[in-house]
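These notes are about the structure you will find just below.
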Amino acid sequence: MKKISIFILAVLQLFLVTACKTQPTENGKLQVYTSFYAMYDFAKQIGGDKADVYLLCPAGQEPHDFEPTAQDIAKLSDADIFIYNGMGMEHWTDSVTASLGGDVVKVKTTDNIKLNKFTAGDPHVWLNPDNAYIQLKSIADAFKEKDPANKNYYEKNLKENKEKIQRLIADLETAKNMFSSHRIVVSHYAYKHLCHMLDISQYAVNTSDNSGEPTPSRMAEIEDYIKENNIKYIFTEPLSTSDIMKTIAEDTGCEILVLDPFEGNAENKDYFKVMYENIAALTEALN
């Protein structure tokens, strides 16, 4: 049977809404759906105990490959707010948001983020804390629009997160000033925003032209790059297989560290914990 497109599923759900709509909770809280874990965490940071926040892509699943089910889309039709990243991070959101009614506030959190020649093409914008704050503010604005009675509560949570982000930026700058090397080898190009902020260049094992297992010639290029630049550590990700990285490490004598792009988090860590773990990993690798 041919796979039905997400858009067709969404339309079908709207026609069948009386049969399959989920009922919103009756606790007076905002009903908020988020596309993947980073958006879920940001929504929780702002919503606190005034919102029921739901995650569509399971926390331990790779969000680039996620496909919402018909049931997921039915739930979205009952949401007060739907929060997503955009910029190609979730390939399915354009068709789904077009099918949702006007009562659902759609928050594309990257709308106000400016890119440059160094960061274009990378949807992982939140790895630069300045961008993360813009996304948090977009979420807070939507919460205030939908729930003006709790405006001050959301503003307070945004302010508290802004203070945390300012401290995080200062700590990133401190780490940057200590780096003696400025090259990292990573699983894939997920770190443009973080690298641009820290004056680091990333070399990816899997590139846009080579998203599968590297060919023998590609492996030779990677290992030559590591040896020529005296790289002692390579970075993998929590959600990706490390078999290729293990082979590279064995061939080059490198050690493997984790650099978390905060896409999906099976351990329910928040943004700040992950970012400080990333600082520690980069500090170990680049000093």
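Since every read-out is calculated from the coordinates, none of them should be taken as a lab result. Predicted model, so just to flag it, every value in this text is computed and none were measured. Neighbour counts are summed over all protein chains in view; Cβ atoms, including those assigned to glycine, are modelled from backbone coordinates with ideal geometry.
Listing L257, L172 from fewest to most neighbouring C-beta atoms within 10 Å gives L257, L172. In order along the stretch 227-233, phi translates into HN-Hα couplings of 5, 5, 9, 6, 7, 9, 9 Hz, rounded to whole numbers, per the Karplus curve 6.51 cos²θ - 1.76 cosθ + 1.60 with θ = phi - 60° and x for Gly and Pro.
Phi-derived couplings, Karplus 6.51 cos²θ - 1.76 cosθ + 1.60 at θ = phi - 60°, listed residue by residue for the stretch 65-80: 9, 6, 10, x, 8, 4, 5, 4, 5, 4, 5, 4, 5, 9, 6, 7 Hz, with x used for Gly and Pro. Rounded to the nearest 500, the helix-only mean residue ellipticity at 222 nm of the chain stands at -14000 deg cm²/dmol, with each DSSP H run of n ≥ 4 adding -39,500 (n - 2.57).
Take every Cα pair under 8 Å whose residues are at least 6 apart in sequence, average their separation, divide by the length of the chain, and the relative contact order is 18 percent. Which entries in K29/K114; K75/K114; K29/K159; K114/K156; K108/K156; K117/K144 show an alpha-carbon gap greater than 24 Å? Over 24 Å apart, Cα to Cα: K29/K114; K75/K114; K114/K156; K117/K144. Given R₀ = 30 Å, what would the calculated FRET efficiency be for T69 paired with E155, taking r from the Cβ atoms and rounding to 0.05? Efficiency, rounded to the nearest 0.05: 0.30. With Cα atoms defining each centre, the stretch 117-180 and the stretch 183-237 are spaced 27 Å apart in the structure. Rounded to the nearest 10 degrees, the angle from helix 243-252 to the longest Cα principal axis of the chain is 20 degrees. When the square roots of the Cα gyration tensor eigenvalues are ordered a ≥ b ≥ c, the ratio a/c for the stretch 6-170 is 1.5 or more and a/b does not exceed b/c, which makes its shape oblate. For the stretch 177-286, state the average projected area of the convex hull of the C-alpha atoms over all orientations, rounded to one decimal in nm². That works out to 6.9 nm², a quarter of the Cα hull's surface. Each residue of the stretch 118-131 was assigned a 3J(HN,Hα) from its phi angle through the Karplus curve 6.51 cos²θ - 1.76 cosθ + 1.60 (θ = phi - 60°); the sequence is 8, 10, 4, x, 10, x, 7, 5, 5, 6, 9, x, 4, 5 Hz, with glycine and proline shown as x. Taking 0.36 nm per residue of separation and subtracting the current Cα-Cα distance, fully stretching the chain between D171 and E277 would add 37.0 nm.
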